[in-house]
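Some notes on the structure that comes next.
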Amino acid sequence: MKEKYQAFKKWKKNPRNKALYQLLCWFLFFFILYIVAISGIFSPSYTPNYSSDSDKVKVTSNSIDNYGNMQSYEYEYNIIYNNENIVMKGLAFEDNKYYTIDNNTYYDDGTIYMVDDENKQLIADPVINLPITITEIESEAIYNWLKEAVVDESIEYNDGNKTVTYIYEPTEEYAIKLIAKEKDYLIYNIEVDLTEFLLTKNIQISQFKININYTNINNISSYDKNYNDYELINVAQNEELEDPIIDETIQATQQ
């Protein structure tokens, strides 16, 4: 081994060999950077991370059950409604949801309110420009579809990710296709095409598709906002109230 090392040192003293050696080192360096970058691009945006505390939700080997049992998470909906792209970002904590659409903040505890922080008011049953209610596309509704759906296709990857296509047929008139991406039995992305579903309800649209990303599943330990001192306002009693400008960003405290 010592003789080989001495021979290598002698070889490297040659200016031409030294230049070749440096070139090989740089090539190896950039090759490693390339591999790291590619791994980052194709890995999912969320890697499950659970505490061993007894009060944490336990993960089972059933992805759909784990999806239905999510107690806290952050989410982002990208909705294609005709030619419009609508983004809804939010947080679910215990039985409450908080989200923003078009710079308006909403609070949902079973009833949806638009939040007016300036006047400390919760405006009940606000009008949201969608052909379907928010409740009909929340995780609870999607969970009910998944429970009744059949698996059309399942693809497993070497990195532990899995893509499952489900078909939910509530009637003979239409079917809902759901594509779920999961890892470690946790669904972190769902695509749903509701175009056919809405057309059967005589809602004239060209397309209505949803892509949902979930992050920090069951990892949110507290939330720093409550509306206990806010006045409840019904839309019918508050017709002259202008849409509030909401500057506050939802903040979650994560473990």
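The values are calculated or read from the model by the stated rules, or taken from the named source; none is laboratory data. Since the model is a prediction, treat every value here as computed from it, not as a measurement. Glycine gets a Cβ as well: all are built from the backbone with ideal geometry, and neighbour counts include every protein chain shown.
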Can you find, within the stretch 204-249, the residue that is surrounded by the fewest Cβ atoms within 10 Å (Cβ to Cβ) among those that are acidic (Asp, Glu) and modelled with pLDDT of 85 or more?
Asp229
For the stretch 78-102 the number of residues that are out of contact with any Lys or Arg (no Cβ under 8 Å at 6 or more places or on another chain) and assigned to a strand (DSSP E or B) is 13
Give the residues of the stretch 169-184 that are closer than 15 Å to Val151 by Cα and loosely packed, with under 15 Cβ neighbours inside 10 Å, sorted by residue number.
Glu169, Pro170
State whether one or more residues within the stretch 185-203 are on the phi > 0 side of the Ramachandran plot and crowded, with 16+ Cβ neighbours inside 10 Å.
yes
Exactly one condition in (1) polar (S, T, N, Q); (2) assigned to a strand (DSSP E or B); (3) surrounded by fewer than 17 Cβ atoms within 10 Å (Cβ to Cβ) is false for Thr105; which is it?
(3)
Cβ-Cβ distance below 6 Å, separation of 6 or more or different chains: which pairs start in the stretch 69-94 with a residue that is more than 22 Å from Lys147 (Cβ to Cβ) and end on one that is aromatic (Phe, Trp, Tyr)?
Tyr81/Phe208; Met88/Tyr77; Met88/Tyr99; Gly90/Tyr75; Gly90/Tyr98; Gly90/Tyr99; Leu91/Tyr98; Phe93/Tyr223
